[in-house]
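A.B. asks: Let me begin by handing over the structure; questions about it come next.
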Amino acid sequence: MHWIDSDGATHTLDDYKGRPVVMTMSYTACRKTCSASMLVLRQMQDILARRGRDVAFVVVSYDPSHDSPAEWRRYREARNLPANWHFLSGPEADTRRLADFLELKYWIYDEHVMHDFRIVVFDSDGTRKSDILWEQRGNLERELAGL
């Protein structure tokens, strides 16, 4: 699977191996779940930065037909998100495969993408270490203990 980042560069998910990865899916037009995900990701960033951990945050679009590199760049800049956050879009089939792998359910309702809240944490070897669901967001220190 190949993904395009907010700068227009092509990546595979293997590009992020060698350091822990925090991954979720989102889309730029979302006004509910994605905003909550970004808040939790910021909390995770703060916790890991205090620990001195070099972690990649990878956010993949649910809506690749609308989330172009330019849209992701505007999204990043409007929220003043750090350089270690990577925003990716890819082909619809790859998007579905990744969502299935991450166990994120999504569907289209009118013009919106309805979706789950889940953030997946991988160690530097790419092993899935933790799935953070909405009800677990209060235990981030514990969920990130192994990184």
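The values are calculated or read from the model by the stated rules, or taken from the named source; none is laboratory data. Because the structure is a prediction, the values reported are computed rather than measured. All Cβ positions, glycine included, derive from the backbone under ideal geometry; neighbour counts span all protein chains shown. The accessibility values were calculated without ligands, DNA or RNA, using every heavy atom of the protein model including side chains. Shrake-Rupley method; radii C 1.70, N 1.55, O 1.52, S 1.80 Å.
A.B. asks: Only residues that are touching a helix residue (DSSP H, G or I) at 6+ places or on another chain (Cβ under 9 Å) and either touching a residue at least 12 places away in the same chain (Cβ under 8 Å) or buried (at least 19 other Cβ atoms within 10 Å of the Cβ) (or both): list them for segment 84-110, please.
C.D. replies: 84, 85, 86, 87, 88, 89, 90, 98, 104, 106, listed by residue number.
A.B. asks: Looking at segment 43-83 only, could you name the residues that are over 18 Å from residue 28 (Cα atoms), open to solvent by 30 Å² or more (accessible area, probe 1.4 Å) and either assigned to a loop (DSSP other than H, G, I, E, B) or without any contact (Cβ under 8 Å) to a residue 12 or more places away in the chain (or both)?
C.D. replies: Scanning segment 43-83 gives 46, 49, 50, 51, 52, 53, 54.
A.B. asks: So is residue 18 without any contact (Cβ under 8 Å) to a residue 12 or more places away in the chain, farther than 22 Å from residue 97 by Cβ and either assigned to a loop (DSSP other than H, G, I, E, B) or open to solvent by less than 40 Å² (accessible area, probe 1.4 Å) (or both) or not?
C.D. replies: Considered against the rule, which asks whether it is without any contact (Cβ under 8 Å) to a residue 12 or more places away in the chain, farther than 22 Å from residue 97 by Cβ and either assigned to a loop (DSSP other than H, G, I, E, B) or open to solvent by less than 40 Å² (accessible area, probe 1.4 Å) (or both), residue 18 comes out as no.
A.B. asks: For residue 135, all conditions in the list (1) of a type in the set (D, E, K, R); (2) open to solvent by 30 Å² or more (accessible area, probe 1.4 Å); (3) at pLDDT 85 or above; (4) assigned to a helix (DSSP H, G or I) hold save one; what is the number of the exception?
C.D. replies: (3)
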